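The values are calculated or read from the model by the stated rules, or taken from the named source; none is laboratory data. Given the structure is predicted, the values throughout are model-derived calculations rather than measurements. No Cβ is skipped: glycine too gets one built from the backbone with ideal geometry, and neighbour counts run over all protein chains shown.
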Number of protein chains: 4
Amino acid sequence: MAIVETSITPIGTETPSVSKYVAKCHKVLEDFPEIKYQLTPMGTILEGELPKILEAITKMHEVPFDNGASRVSTLIKIDDRRDKEATMDAKMQSVISKL
Amino acid sequence: MAIVETSITPIGTETPSVSKYVAKCHKVLEDFPEIKYQLTPMGTILEGELPKILEAITKMHEVPFDNGASRVSTLIKIDDRRDKEATMDAKMQSVISKL
Amino acid sequence: MAIVETSITPIGTETPSVSKYVAKCHKVLEDFPEIKYQLTPMGTILEGELPKILEAITKMHEVPFDNGASRVSTLIKIDDRRDKEATMDAKMQSVISKL
Amino acid sequence: MAIVETSITPIGTETPSVSKYVAKCHKVLEDFPEIKYQLTPMGTILEGELPKILEAITKMHEVPFDNGASRVSTLIKIDDRRDKEATMDAKMQSVISKL
């Protein structure tokens, strides 16, 4: 399992507000019940099998185009750890326990 | 005010666990009471004046070196919006209200 | 066509030198003759069809695991523009012509 | 010395073309002769002392605001290695020699 953060930003949208695109991108995740996810003020964090997550992000990346954007900048950061099961909760707990 | 996400990763640490470095980086933020921040499973999100935030991140970036690392990879993503007051809470609410 | 930058970093290697992993990641690209690419001091920039590029990056991301790493951090930045043909050369020329 | 990549993107511009902003951001670097830099199709890579580089990027980040943008998204990736002198050329050569 991998933990992946993504942010999807349409460029050239006339107004600096892009939350309507972000909300629509999120609806894509309803089709991926096997992916656990969390919205943050800077993006979306997803937990699950990496190929499935990349499939979801690829679909999310299409959403602004389907809604009128002609350029989209998408950032994806993958944290893939295979020596032990890595989850969003476990990562948080590991830091918090040391604070 | 800007909203800034950062993740600070030591490279070449012998083990893949880096939470002890992350926890120590966080302690730096105790010296910056004017910065609001939130830990996520993929990094730290900070809200405040941009120069102050960059000062804090610069100090956080030194922490792994002070603890034995010889290479550090730091990612910083700035979202700076000046047509209205942007906060972490307002960004979240703006998306959630459209879901 | 999209332009995509990626950097693939193993975490918890014994030394801070990761160029041997980077070189092996690059060899994956020999199997993707339809992707144009360019090595930079900070990563690799790829130009081509987005699904093909993500397929290549997914394979590159496996390389450090195949060579002993147990954690890999991969950053992917997609610039996808569909109102005109965007190429690495055209993007560079567009900036340089304005300098 | 550190090697730092940055990309500075105005959000909510009227058109998806942002090269005019990128070109103006670059002019800031004329005031920093101690920083070596390289334009790539996805951003700018800078080499020099980290505090000086962050000072330059902070000024570059202001350029789109000075030219009418009301929201700017800036990505900064720092590669800071202190066990040996790291330069853009040395990093490239280290990978190329292994290909």
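General observations
- When the test is whether a residue is assigned to a helix (DSSP H, G or I), at pLDDT 95 or above, buried (at least 21 other Cβ atoms within 10 Å of the Cβ) and in contact with a Leu (Cβ under 9 Å, 6 or more places away or on another chain), D:I53 passes it.
- Filter result for C:T58 (more than 14 Å from chain B (Cβ to nearest Cβ) and either under 15 Å from the mean Cα position of the chain (by Cα) or assigned to a strand (DSSP E or B) (or both)): yes
- Qualifying residue in segment A:85-94 (condition: more than 19 Å from C:T6 (Cα to Cα), acidic (D, E) and modelled with pLDDT of 95 or more): yes
- Scope segment B:67-77; condition under 17 Å from D:P51 (Cβ atoms) and either assigned to a loop (DSSP other than H, G, I, E, B) or touching a Leu at 6+ places or on another chain (Cβ under 9 Å) (or both); matching residues: B:I76
- The single residue among C:R71, C:R82 that is touching a helix residue (DSSP H, G or I) at 6+ places or on another chain (Cβ under 9 Å), more than 30 Å from C:P10 (Cα to Cα) and surrounded by 14 or more Cβ atoms within 10 Å (Cβ to Cβ) turns out to be C:R82.
- Out of B:T74, B:T87, sole residue that is closer than 16 Å to A:M42 by Cβ, touching a residue at least 60 places away in the same chain (Cβ under 8 Å) and away from chain C (no Cβ under 14 Å): B:T87
- Residues in segment C:5-16 that are crowded, with 17+ Cβ neighbours inside 10 Å and either touching a Phe, Trp or Tyr at 6+ places or on another chain (Cβ under 9 Å) or closer than 22 Å to D:D89 by Cα (or both): 8 in all.
- Selection within segment C:1-30 - touching a residue at least 60 places away in the same chain (Cβ under 8 Å) and either among the polar types (S, T, N, Q) or more than 14 Å from chain B (Cβ to nearest Cβ) (or both): C:M1, C:A2, C:I3, C:V4, C:T6, C:S7, C:T9
- Here is the figure for segment C:31-59: residues that are under 19 Å from A:K52 (Cβ atoms) and hydrophobic (A, V, I, L, M, F, W, C) total 5.
- Scanning segment D:33-46 for residues that are within 8 Å of chain C (Cβ to nearest Cβ) and either not hydrophobic (A, V, I, L, M, F, W, C) or not in a strand (DSSP E or B) (or both) turns up D:Q38, D:T40, D:P41, D:M42, D:G43.
- C:P64 assigned to a helix (DSSP H, G or I), without any contact (Cβ under 8 Å) to a residue 24 or more places away in the chain and under 21 Å from A:P51 (Cα atoms): no
- Scanning segment C:31-47 for residues that are over 29 Å from D:E47 (Cβ atoms) and either exposed (fewer than 15 other Cβ atoms within 10 Å of the Cβ) or in contact (Cβ under 8 Å) with a residue 40 or more places away in the chain (or both) yields C:D31, C:P33, C:E34.
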